[in-house]
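Novice: The structure is given below, and queries will be raised subsequently.
The values are calculated or read from the model by the stated rules, or taken from the named source; none is laboratory data. Everything numeric in this text was worked out from a predicted model, so none of it was measured. Here the Cβ positions follow ideal geometry from the backbone for every residue, glycine too, while neighbour counts run over all protein chains shown. For the accessible areas, the whole protein counts, side chains as well, though only heavy atoms, and no ligand, DNA or RNA atoms are used. Shrake-Rupley method; radii C 1.70, N 1.55, O 1.52, S 1.80 Å.
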Amino acid sequence: MITKPKGTVDILPGESQKWAKLEEAIRKVCKLFNYKEIRTPIFESSEVFHRDVNDTSDMVTKETYDFKDRSDRGITLRPEGTAGVARAFVENKLYVENPVSKLFYMGPMFRYERPQKGRKRQFNQFGVEALGSDSPWIDVEVIALGATIIRALGLKDVTVKINSLGDEESRNKYKDVLIKHFSQYKDCLCSDCLNRLEKNPLRILDCKVDRDKDFFKSAPKINDYLNDYSKDRFEKVLRGLDDCDLKYVIDDNLVRGLDYYSHTVFELEVNVPEFGAQNVIGAGGRYDKLISDLGGPVTPGVGMAFGVERLLMAADLSGKQLAKPDSVHAYIIALGDLAQEAALKIMNVLRIGGLSCDIDYLGGSLKSQFKKADKNNAKFTLILGENELKDKVINVKNNETDEQETIEIRDVYAYLLTKLNKPICGNKNK
Ligand code: HAM
């Protein structure tokens, strides 16, 4: 038996309905905030993600699926949505038509990580990117959008953690003091952090290995090194969150795993034990150089992405029933080959007229076909045997009331519409 690759998941019927419902809820919220959908390729030229040799993020250095295509082009399966959206923004010159583009996307992402609960190699993100404005209020809008989704899914115990990485000047000042601090503990740093010390000392604060050591806790805090502009900007973001009644916790060790961030960074964490270690359901922040790094005009941006699997897991744990079990309007029990053929014609009429229906193509006994009708949560069961066929009638059972009536076959569509309280939508083909 060939099995699925490690770190991937089959989303089976039953589960896939929940995905569809979640996507529907997400689309509704995006409409409320006036974000428009963008769909970019699942694979991109490798340079879209491997832009900077000094990038220290795990995602870029260790986790991308990179390969050469048959024409020897470097290709990367997208590990996240932001860089691809930024590439599309530049390539399609979206900035010409609208000074601010508010975009959203959903789809699979790929990271070669060690699979565990809530962490897969193929997973899905829903993300938003607002490109073209450096207003602190739009940072607030992005977080508010995330909070609205959380509310729509009935999730509780979600904490918004927020921090500011300041502008380049503030970060450079802070990097210098961090290098000074951590250089004293070179012997104690893990090998990744030693590398980060040289390339991007800020990322040391993101280390899971060194996190609990004393020299880590005594490290200088970025908030003490923000210049006036960065400090004022961060205060405005926090004020905006207060204005919108959005609760948050300032976490001065929050630097995020990607190298493109400046100013606002945030993570949404679910605090329920069943979630395990991977409890960050969404995260994001501001990036002001990504668009120009990809060859576009200097354009500020801010965005966030949710892990869809983690959102669904959180919704499940909160007891939110996203999707009701599927049902059909009618299930036809047809006894014998002629009845099956006649049923095909009836189903054609019902389906064209907008009623869902099905039949057991395996035939089988009356009892087993009744069971299938039950399993499909049929609102009506239509029974057609040879005698009924001769008389051009069909037995219709209302599964809610258990009432049964015999109807002329040509009237069955109108009969069902009336019983289902649906408007007659002019199916002349009956
Ligand atoms: P990220 O924090 O790398 O940020 O990913 C966002 C979310 O994707 C995470 O919070 C998590 O819920 C989910 N996620 C990440 N990796 C996995 C995985 N292996 N399995 C399951 N879920 C996962 C970004 O990707 C940024 N592009 C977010 C952003 C948008 N920043 C600005 N705009």
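Novice: So what's Rg/Rh here for the chain, counting alpha carbon atoms and using the Kirkwood radius for Rh?
Specialist: On the way: Rg = 28.3 Å, Rh = 25.3 Å.
Value, to two decimals: 1.12.
Novice: Here's something else I'd like to know. Calculate the spin-label point distance for V209 paired with R410, positioning each point 7 Å from the Cα along the beta-carbon direction, and give it in nanometres.
Specialist: 8.1
Novice: Quick check: pseudo-label points 7 Å beyond the Cα along Cα→Cβ at S368 and E91, how many nm apart are they?
Specialist: Distance between label points: 5.3 nm.
Novice: For Y65, list long-range residues whose amide hydrogen, built 1.01 Å from N in the peptide plane, is under 5 Å from its own amide hydrogen.
Specialist: So Y65 has HN proximity to L77, Y112.
Novice: Can you give the Rg to Rh ratio for the stretch 330-419, taking only C-alpha atoms and Rh from Kirkwood?
Specialist: Working: Rg = 11.6 Å, Rh = 12.7 Å.
Across the stretch 330-419, the Cα-based Rg/Rh ratio is 0.91.
Novice: For a Förster distance of 45 Å, can you work out the FRET efficiency between the beta-carbons of L194 and R239, rounded to the nearest 0.05? Mind showing how you got there, number by number?
Specialist: Numbers: r = 39 Å, r/R0 = 0.87.
That pair, L194 with R239, gives E of 0.70.
Novice: Relative contact order for the chain: what percent, with Cα pairs under 8 Å and sequence separation of 6 or more? List each step's numbers first, then the result.
Specialist: Values: 707 pairs, mean separation 64.9, N = 430.
Once divided by the residue count of the chain, the mean separation gives 15 percent.
Novice: Convex hull over the Cα atoms of the stretch 126-222, averaged projected area in nm²? Intermediate values should be presented prior to the final figure.
Specialist: Numbers: hull surface 33.6 nm².
Approximately 8.4 nm², given one-decimal rounding.
Novice: If you plug each phi of the stretch 112-119 into the Karplus form 6.51 cos²θ - 1.76 cosθ + 1.60 with θ = phi - 60°, what whole-Hz ³J(HN,Hα) values come out, in order, with x for Gly and Pro?
Specialist: Karplus values, whole Hz, x for Gly and Pro: 7, 10, 6, x, 7, 4, x, 9.
Novice: Scan around Y261 for amide H atoms under 5 Å from its own, H built in the peptide plane at 1.01 Å from N, and keep only partners 5 or more places away or cross-chain.
Specialist: none
Novice: For the stretch 127-183, which trypsin sites (Lys or Arg not before Pro) are in a loop by DSSP, counting at most 15 other Cβ atoms within 10 Å?
Specialist: Working: sites: R151, K156, K161, R171, K173, K175, K180; in loops: K156.
Passing both the DSSP loop test and the Cβ count: K156.
Novice: I would also like to ask the following. What aspartates and glutamates does K186 reach when the alpha-carbon gap must be under 17 Å and sequence neighbours fewer than 8 apart in one chain are set aside?
Specialist: K186 reaches D176, E198, D206, D210, D212, D214.
Novice: Multiplying the sequence separation of R114 and R27 by 0.36 nm and subtracting their Cα-Cα distance, what value in nm do you get? Before the final figure, lay out the partial values.
Specialist: Details: separation 87, 0.36 × 87 = 31.32 nm, distance 3.10 nm.
Length difference between fully extended and current span is 28.2 nm.
Novice: Please turn the phi angles of the stretch 94-99 into ³J(HN,Hα) values with the Karplus equation 6.51 cos²θ - 1.76 cosθ + 1.60 (θ = phi - 60°), one per residue in order, whole Hz, x for glycine and proline.
Specialist: 4, 5, 5, 7, 10, x
Novice: Output the pairs from K36/K422; K4/K371; K175/K289; K199/K221; K93/K156 with a Cα-Cα distance over 29 Å in this structure; if there are none, say none. Could you put the intermediate results ahead of the total?
Specialist: On the way: K36/K422 33 Å; K4/K371 32 Å; K175/K289 18 Å; K199/K221 19 Å; K93/K156 40 Å.
Check vs 29 Å cut-off fails for K36/K422; K4/K371; K93/K156.
Novice: What ³J(HN,Hα) values, in whole Hz, does the Karplus curve 6.51 cos²θ - 1.76 cosθ + 1.60 give for the stretch 328-337 when θ = phi - 60°, with x put for Gly and Pro?
Specialist: 10, 5, 9, 10, 9, 9, 10, 9, x, 5
Novice: Taking only protein heavy atoms into account and a 1.4 Å probe, give the accessible area per residue of the chain in Å². Please report the intermediate quantities before stating the final value.
Specialist: Numbers: 22480 Å² over 430 residues.
That works out to 52 Å² per residue.
Novice: Further question on the same structure: What does the helix-only formula give at 222 nm for the chain: each DSSP H stretch with n ≥ 4 adding -39500 (n - 2.57), the total divided by the residues, and the result rounded to the nearest 500 deg cm²/dmol?
Specialist: Details: 15 runs with 153 residues, N = 430.
Calculated mean residue ellipticity at 222 nm is -10500 deg cm²/dmol.
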